[in-house]
Amino acid sequence: MTAPLLVWVVSSDQWLRACLRAELIERGLEAVGYEELAQALPEGGVPSPISPDAILLDLSSLEPKPEELRALAATAAPVVVLTARVMREPEWPPWWRPTQVLRRPLTLGQVADAIQQVATTS
């Protein structure tokens, strides 16, 4: 028996985080929620021995610092970014790009589908 795929859900929006975690768990994934990106990342930007299979980063509620993005890139996990519909796409650092960018409005199922797809293909 293999361990379920691990997904980090990073959003300061409590309801999105809770509902998306529940949906992913229902689909057989292990989903862990974080209110801030710094909570998910290991101390000092050193890659954790337990790396997620996928990460959802809700940029409509967060503004990650460059050092947080560097630590995120060090995980080598695919990152699905969720943004507000009217939000201008951020200027990504040249050393990092998200795997996929989703714009609201979306259903929880559509977001979960995207996360599940990148987690299973990584």
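Quick note: the coordinates plus some simple rules give every number you see, no bench work behind them. Quick caveat: nothing in here was measured; it's all calculated off a predicted structure. Glycine gets a Cβ as well: all are built from the backbone with ideal geometry, and neighbour counts include every protein chain shown.
Laid out as a table, the results:
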quantity	calculated
Linear extension gain, Gln110 paired with Ala22, 0.36 nm per residue minus alpha-carbon span	30.3 nm
Residues Leu57, Leu29, Leu82 arranged by fewest to most Cβ contacts within 10 Å	Leu29, Leu57, Leu82
Equivalent ellipsoid, the stretch 6-121 (semi-axes from 5 times Cα gyration tensor eigenvalues, Å)	20, 17, 13
Distance in nm between pseudo-label sites at Glu67 and Arg85 (7 Å out along the Cβ direction from Cα)	3.8
Charge dipole of the chain about the Cα centre (unit charges at C-beta), most positive-ward option of Tyr34, Ser51, Leu69	Leu69
Under the span-like rule (Cα at least 27 Å along the axis, Kyte-Doolittle mean at least 1.0), DSSP H helices of the chain	none
Expected 222 nm ellipticity per residue - DSSP helices of 4 or more, -39500 (n - 2.57), all of the chain, to 500	-9500 deg cm²/dmol
Spacing of the two label points (7 Å from each Cα toward its C-beta) at Leu102 and Ala74, in nm	2.8
Hull volume in cubic angstrom per residue (convex hull over the Cα atoms of the stretch 53-122)	77
Sites Thr121 and Trp92, calculated FRET efficiency, Cβ-Cβ separation with R0 25 Å, nearest 0.05	0.75
Distance between modelled label sites at Ser51 and Glu35, nm, 7 Å Cα→Cβ extension	2.9
